[in-house]
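Computed from the coordinates by the stated procedures, all read-outs in this text should not be read as laboratory data. Predicted model, so just to flag it, every value in this text is computed and none were measured. Positions of Cβ are generated from backbone atoms using ideal geometry, with glycine treated the same way; all protein chains shown enter the neighbour counts.
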Amino acid sequence: MKTILVTGGTTFVSKYVAKYFADADYEVYVLNRNSKSQVQGVQLIEGDRHHLGSTLKDKYFDVVADITAYNASDIIDLYDSLGSFGQYIMISSSAVYPEYAPQPFREDTEKAANKFWGKYGTDKIEAEMALLDRVHDAYILRPPYLYGPMNNVYREAFVFDCAKTDRKFYLPQNGDMKLQFFHVRDLCKLMEVIINNKPAVHILNVGNPESVSIKDWVVKCYACYGKTPEFMYVYDDIEQRNYFSFYNYEYKLDVERQKKIYSETIPLDTGLKEAAKWYDEHETEVNKKPYFQYIDTNLMNGVRNMYPRSICGTDCCENCGREEECGGCAETKGHPFGGTCTAAEYIKREGLDAFGKFKEKLVREFNSLGLKDLKVNDLNLLNGFYVNLEYHLPNGQSVKLLEDDKVYLGNQIEIPGSSRCYGIVADEEYLLICEYGCGGADPQIVVYKRRNPVVKDL
């Protein structure tokens, strides 16, 4: 029986890998901090990969499957802690290729910063280099978008939710942007081929040979529930990650090396049906993003709403379940729900153009705080009753910092390599940054400060 060490083992890819090889009769060890439930049939090595001491020195692994190496220190600290081992397989990313490089990306394509992936991509490049400096015959796999059961990222699950609730689907442009996917089980099967056959080529792009348009992808997701989407096409200059699961970035990997050792991949239709079945049974394990809130507040008929019912030009009333309580923006002179709207108050006083500059200034203020992995690009209108979380203080008391009946500016920012997110909220007086888990679980205050100055932002 072969032994395999899987880093992680509790979330999406690493969890699936651990279960796959346990089911395949490998002796599976998982390395994690034991903060989540473990896969049945594995042996836990509890610890932080950066502080293992001699824990692994007396253990031999036929395979080290490094799923959670995000930067060079991740590689260096684990390698220094290992005893002897056979093969080392690292899961890297297609984010190592710059967006401007010729496509399809080949394994020998330049590796450099990608403007869409930023530090995540450059950290992966450094991780690869650190590994090859230490393990010259290591295998490095660079996948595109991974999908399938156990996916905790709100991608196909978002479309599944749209299908299950019979929502219209807001599609960027005409929907012809193409994406490339790879089923997580295909990734495991390819790893098994590498373990058994030890191919001569050690760095491989991996993925389905064919790409799919985002429109066809949505159609396939809806089909998992026997439904057909009604599309609303969004042609306005709006950051599509506010309402859609992917960046406005089309790329393709050349997977010819993979095809020589692993040629048959799971059809996308089949893989999505598996993902839908898993999601229906594990919905609470997915980290959902506020796409519906943004769509309901900012989009209608595929464009940004520009109706006189609102002062700022956003029709917040469309599909809002609290419209009767709200009273209407224009009708209440910018006081929906009896409270205040940050946008309406500013625009009434300074004008619409000045409000745009005010939003830009808030973005700069958030970014100037220098928090790790916090990069703010835009702010959206957020109803207080959605974002007014309750925080538990060290003295045992609980506190809410916002007002349920007020409309703020804010956003949600995913933290790379983590299941948690930053939530940011601002008005004219305060900046709030919190961190929380799936569905707003376990919220923690990161920054809560008065803005300076709080009066004139032109």
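To the nearest 0.05, what FRET efficiency results for Lys260 and Val212 with a Förster distance of 22 Å applied to their C-beta separation?
E(calc), rounded to 0.05, equals 0.45.
Which lysines, if any, have their Cα less than 16 Å from the Cα of Lys2, not counting same-chain residues under 8 positions apart?
In chain and number order, the partners are Lys19, Lys59, Lys189, Lys198.
Output the antiparallel fraction of DSSP beta bridges having both residues in the chain, as a percent to the nearest 5.
45 percent
With a point put 7 Å past each Cα toward its Cβ, work out how far Phe116 is from Asp137 in nm, to one decimal.
Between Phe116 and Asp137, the label points sit 3.7 nm apart.
For the chain, find the longest principal axis of its Cα atoms and tell me its angle to the long axis of helix 184-197, 0 to 90°, nearest 10.
20 degrees
To the nearest 10 degrees, how steep is helix 72-81 against the longest Cα principal axis of the chain, on a 0 to 90 scale?
40 degrees
What residues from segment 357-382 fall in the zone where the backbone N is under 13 Å from a label point 7 Å along the Cα-to-C-beta line of Val446?
Inside the label zone: 366-377.
Return one number: the angle in degrees, 0 to 90 and rounded to the nearest 10, between the long axis of the Cα atoms of helix 214-223 and the longest principal axis of the Cα atoms of the chain.
90 degrees
Give the residue from Val153, Asn380, Ser73 lying farthest towards the positive end of the charge dipole for the chain; charges sit on Cβ (+1 for Lys and Arg, -1 for Asp and Glu) and the dipole is referred to the Cα centre.
Most positive-ward Cα: Ser73.
Measure off 7 Å from each Cα along the Cα-to-Cβ vector at Glu360 and Tyr225, then give the distance between these two points in nanometres to one decimal.
Once both label points are built, they end up 4.0 nm from each other.
Lysines near Lys406 by alpha-carbon distance under 19 Å, same-chain residues fewer than 8 away left out - which ones?
Lys333, Lys348, Lys359, Lys449
Please work out which option in (1) 22.6, 69; (2) 23.8, 73; (3) 22.1, 64 gives Rg and Dmax of the Cα atoms in Å calculated from these coordinates, and answer with its label.
It is the one labelled (2).
Net charge around Arg33, counting only other residues with Cβ within less than 12 Å of its Cβ (Lys, Arg = +1; Asp, Glu = -1)?
Value of the local net charge: 0.
Run the reach check for Lys227 against lysines, Cα to Cα strictly under 30 Å, same-chain hits fewer than 8 apart removed. What comes back?
Lys164, Lys168, Lys178, Lys215, Lys252, Lys273, Lys277, Lys288, Lys289
What full-extension length gain, to one decimal in nm, is calculated for Asn196 and Lys2 as 0.36 nm per residue of separation minus the Cα-Cα distance?
68.8 nm
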